[in-house]
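Only one structure is covered here, and it is reproduced in the block below.
The values are calculated or read from the model by the stated rules, or taken from the named source; none is laboratory data. Note that the structure is a prediction, hence the values are computed from the model and not measured. Note that each Cβ is placed from the backbone with ideal geometry, even for glycine, and that neighbours are counted across all protein chains shown. These accessible areas exclude ligands, DNA and RNA; they are computed on the full protein's heavy atoms, side chains included. Shrake-Rupley method; radii C 1.70, N 1.55, O 1.52, S 1.80 Å.
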Amino acid sequence: MAAEPHPGVAEPNHARRFTAIWLIASVIATPLVVFLLGPELPPGHGSEQASGHVTDNTVLLAMATPVLLLVLVYLIYAVINFRQPPGGMLEGPAIRGDARIQTTWIVITSALVLSLAAYGTVRLLADNGAGSGSGPTPLTVPKGHKLQVQVIAQQWAFTYRYPEYGGVETTHLELPVNQMVEMHVTSLDVIHSFWAYQLGVKADANPGVDNVLFVKPTKEETFEVHCSELCGIWHGYMFDHGHVVSPQAFETWIHQQETTMAPAKKVLPPYAHTYSPEPTRRAG
Amino acid sequence: MSTTAAAASTPRPVGRPRWRRLLGFNLLSAVILGIAGYYLGWFIGHRISTTKSFEFFSATDENDIALLLAYIFGVVGFLIGLGFANYPVSRMLGRPASLREKEQHGIGRYFGLCTDHKVVGIQYLVGIGLFFFIGGLNAMLIRTELLKSSPTFVGPNQYLSLVGMHGTMMMGMMTSGILGPFANYFVPIMIGARRMAFPRIEALTFWLLMAAGFILTSTIFFGGFPTGWTGYEPLNDQAVMGMDSYIVFFALVGISMCLLGLNMMATIITMRAPGLTWSRLPIFVWSVFATSVLMVLAAPMLVATLAMAALDRSIDTSFFVTGGGGSSYLFENLFWFFGHPEVYILAVPGFGIVLELIPVFTRKPLWGYRLAVSGMLGVTLLSFFVWQHHLFVSGINADLRPFYMLSTEIISIPTGFIFLCVMGTLWKARTSFSTPMLFCLGWAFNFLIGGLSGVFLSDTPSDTDTHGSFFVMAHFHYTIMGGLIFTFFAAIYYWVPKMTGLRFNERLSKIHFWSMFLAFNSTFMPLFVLGMEGMPRRVSFYEPKLHTLNVWVSISAFVLGLSMLVFLANTVYSLIFVRIKAESNPWRSKSLEWQVPTPVPVNNFEQIPIFDSDPYDYGTPVAIGGGQPAAVGA
């Protein structure tokens, strides 16, 4: 594979023309993507973690745009300029490679990829798992008081337990605003996945596993809760709305729950992080 | 090593009565023995489980032991009926070895055990095509259901079965989508061999796959299965008997895949013609080699995992059931250790097709041959180090997520090599836009979108939003359908004229490409948006605010389905009704398979060719030391 100089005879300098088009396209498109599309990116600003995801998505999009344009502009440029004339039998130049271009390509893609991985790692650790399920012993834990909530998934509903409030169990999730929450996600039967879309939270619920995540809601709003791991026939119906409310409203609500649930609490099993279910055959 | 004499002796005597020909080892006896084996297994299974130790059998009338045994015995009977036992038995009885005893002439050879790699290639193309259309039909039904935001068309159980069958059929069958038809047919010719290394195993891989396809389809008689193609435990353990169809299907596919890979590796390593050094190997053969490595290393993991799942279901072992000391993580780990190489088993042959075809249509040598090879081998190696990115939010081994993020992103470096080689080959080319070339360019666009959307999934914080949503669905349809299926069609339009000697109607081919390309993008581009707006995968119930976009996607999907009908119409019209003879080398290719006569003789070559260059001697020399235009090969 000999490296050869490009021929460049009596033709426009394609390399220069293509580079110019690509540079102009990137310079125009990247800011547009960052400033117009960026703020609209999911999942919005429902929590610190969600806001972080918006930033991450914007950064990734800003990095992906020039790459996308490089290949796209090149393909279009090549299709327009490097054609066989109708009925022609012309041969192209026998170029078999170019060591300089190949080396440059490898260096640049490696640099891009490594910086992406470094960025992702820093963001993941700095944001205490960035709202994702981080296993029973997360690597980083936020400081200060954390409101504990246990999310118990089963076919086909989520139940929420607040151990700090006497272990009251509700079928409906409410969280106080601006309070770091520590969620323990587990399952009673098959694998589910707890997904609070607007909060930027997702954690698989595995039987026998305590999957911990941290999230700090920053906006009083209604958020969607989905199951995002196929769990049987009513998987699509494992869907609910939760609420982020003011701390006062939360206190009122949780005490009300404690009163209503008091008779039921007597028969609930003792608090545990995980449950090892008996296998349920032929249920779904 | 010529076996012409043996081949000529096989046609049956002409005067034999028709009924007499029905006896013996053929598809009919295979079906009869298959059914007999099925009922034998069913009977034995019920004898075994009459003891009361398996409570759920008596409670539910469901007997996994019986069904699993029925499937296994059925497959064995089917294979014996086809004649796969004849050769080993005759060898054990001390009869002499023969190489090509099942080589026949006439149309009948396509319906039985045949060891001619060209026959197997065409068998694969038709057989896989059949199941590809069944899988596609499932997709149409899924999209019909999603026209409404709550289930109306089918019940939730049938919906999940459709999703599972679509995914499993495509992921299982299409793993051999390019290796089955095109590698079996063309790799021996491209490397100057007269046959594959193991011709009987080659036939076996095909018939295993067909048996598997029918077993998966039979799941509808046993209640379907609710797990999708991933078959996660413990849902797998909980499911009704239809789940056993999934298990046996995928296990058979795994065995077929592994044997196919071994056969390809053995052929490519040992049977290359003189002068065909590794650095002269056609790039398609390299991609087949890389894929074979993946198949051989990954598929056994799948078979083992499914064997465990089958034992869990039938005799209550507890590999994956938490209550009995097992772990659902174990299944996820094992499955994705196979599952991620699997998606590269689907993608890498596509790379090979694109890189093989583009030089022909641009009239240029392949740009960066070694880079392309290292790209494919790099992908092969790295694909074994990324599987836990499927489990970023599962809580498994969470401290290692930065590593899997890194390895996943690193794999885009060798993938980028493939793009650079495509772009380099297009530089100052003389491109003619025939249908195969259009499909290759379609691949470039689709795989670009697929690859870049993968960046969002490889980044753990960003993956928290997109994981398990329609975004993932769109991503892997861009890489698999946009990557594999587009190149699959490129290969069909490029090579079927060689395989059949007949030409496709050019206008219908172009209509097929454009309708497929536009409908494909119109179907899957909005799915990125749906995923980002919070639609989980595999639901038949979704929020009304996403309704409009879903209707758009469904309509586009129907157009995509229609584009497949255009292809079918084109095939029937061009290859059955019009039958215009193709030129002997319509693309003016310099590759060896276009230099042998059409139809390809049984032994491919009169004399084994001697290679003195790679098959990319296109173009005019541009500078000192440029490529020398020379006739290739023989």
Identify all residues within the range A:114-129 that are modelled with pLDDT of 90 or more and either open to solvent by less than 10 Å² (accessible area, probe 1.4 Å) or polar (S, T, N, Q) (or both); write none if there are none. A:SER115, A:ALA117, A:GLY120, A:THR121, A:LEU124
So how many residues does the range B:345-371 have that are assigned to a helix (DSSP H, G or I) and either facing another protein chain (nearest Cβ under 10 Å) or among the acidic types (Asp, Glu) (or both)? 7
Filter result (touching a residue at least 40 places away in the same chain (Cβ under 8 Å) and farther than 15 Å from A:TYR160 by Cβ) within the range A:213-235: A:PHE214, A:LYS216, A:THR218, A:LYS219, A:GLU220, A:GLU221, A:CYS231, A:GLY232, A:ILE233, A:TRP234, A:HIS235
Just for the range B:437-472: of the residues that are charged (D, E, K, R) and under 14 Å from B:MET405 (Cα atoms), which one is farthest from the other protein chains (Cβ to nearest Cβ)? B:ASP463
Quick check on B:ARG143: is it open to solvent by 10 Å² or more (accessible area, probe 1.4 Å) and in contact with a Pro (Cβ under 8 Å, 6 or more places away or on another chain)? no
Among (1) of a type outside the set (Ser, Thr, Tyr); (2) within 30 Å of A:PHE223 (Cβ to Cβ); (3) in contact with a helix residue (DSSP H, G or I) (Cβ under 7 Å, 6 or more places away or on another chain); (4) more than 14 Å from chain A (Cβ to nearest Cβ), which single condition is B:ALA582 missing? (2)
Pairs returned, first residue in the range A:120-132 that is more than 7 Å from chain B (Cβ to nearest Cβ), second residue that is part of a helix (DSSP H, G or I) and among the polar types (S, T, N, Q), beta-carbon separation under 7 angstrom, 6 or more apart or interchain, are none
Of the listed residues (B:SER318, B:SER292), the one being under 29 Å from B:GLY74 (Cα atoms), in contact with a helix residue (DSSP H, G or I) (Cβ under 6 Å, 6 or more places away or on another chain) and surrounded by fewer than 24 Cβ atoms within 10 Å (Cβ to Cβ) is B:SER318
Boolean, A:TYR197 is touching a residue at least 60 places away in the same chain (Cβ under 8 Å), in contact with a helix residue (DSSP H, G or I) (Cβ under 6 Å, 6 or more places away or on another chain) and aromatic (Phe, Trp, Tyr): no
So which residues in the range A:82-103 are open to solvent by 70 Å² or more (accessible area, probe 1.4 Å) and of a type in the set (Val, Ile, Thr), if there are any at all? A:THR103
Selected residue [over 24 Å from the mean Cα position of the chain (by Cα), touching a residue at least 24 places away in the same chain (Cβ under 8 Å) and at positive phi] from A:GLY97, A:GLY44: A:GLY97
Test for B:GLY326: is it modelled with pLDDT of 95 or more and crowded, with 20+ Cβ neighbours inside 10 Å: no
(1) touching a Gly at 6+ places or on another chain (Cβ under 9 Å); (2) more than 7 Å from chain B (Cβ to nearest Cβ); (3) in a helix (DSSP H, G or I): which one isn't true of A:ASP56, the others all being true? (2)
A:GLY88 versus (1) out of contact with any strand residue (DSSP E or B) (no Cβ under 9 Å at 6 or more places or on another chain); (2) at the interface with chain B (Cβ under 10 Å from one of its Cβ atoms); (3) more than 18 Å from A:ARG123 (Cβ to Cβ); (4) in a helix (DSSP H, G or I): which is the lone unmet condition? (4)
Determine, yes or no, whether A:LEU37 is more than 10 Å from every other protein chain (Cβ to nearest Cβ), open to solvent by 50 Å² or more (accessible area, probe 1.4 Å) and part of a helix (DSSP H, G or I). yes
Failed criterion for B:ILE608 (all others in (1) at pLDDT 90 or above; (2) open to solvent by less than 20 Å² (accessible area, probe 1.4 Å); (3) not assigned by TED's automatic domain parsing to the domain that holds B:MET437 hold): (2)
I'm told B:TYR573 meets every condition in (1) aromatic (Phe, Trp, Tyr); (2) over 30 Å from A:PHE223 (Cβ atoms); (3) free of Cβ contacts under 8 Å to residues at least 60 places away in the same chain except one. Can you identify the failing condition by its number? (3)
Failed condition for A:HIS243, given (1) in contact with a helix residue (DSSP H, G or I) (Cβ under 9 Å, 6 or more places away or on another chain); (2) open to solvent by less than 30 Å² (accessible area, probe 1.4 Å); (3) outside any helix (DSSP H, G or I), with all others met? (2)
Residue hits (the range A:212-238; more than 7 Å from chain B (Cβ to nearest Cβ) and assigned to a loop (DSSP other than H, G, I, E, B)) are A:LYS216, A:THR218, A:LYS219, A:GLU220, A:GLU221, A:MET238
Just for the range A:107-119: of the residues that are within 30 Å of B:PRO365 (Cα to Cα) and more than 7 Å from every other protein chain (Cβ to nearest Cβ), which one is nearest to the chain's Cα centre (by Cα)? A:LEU112
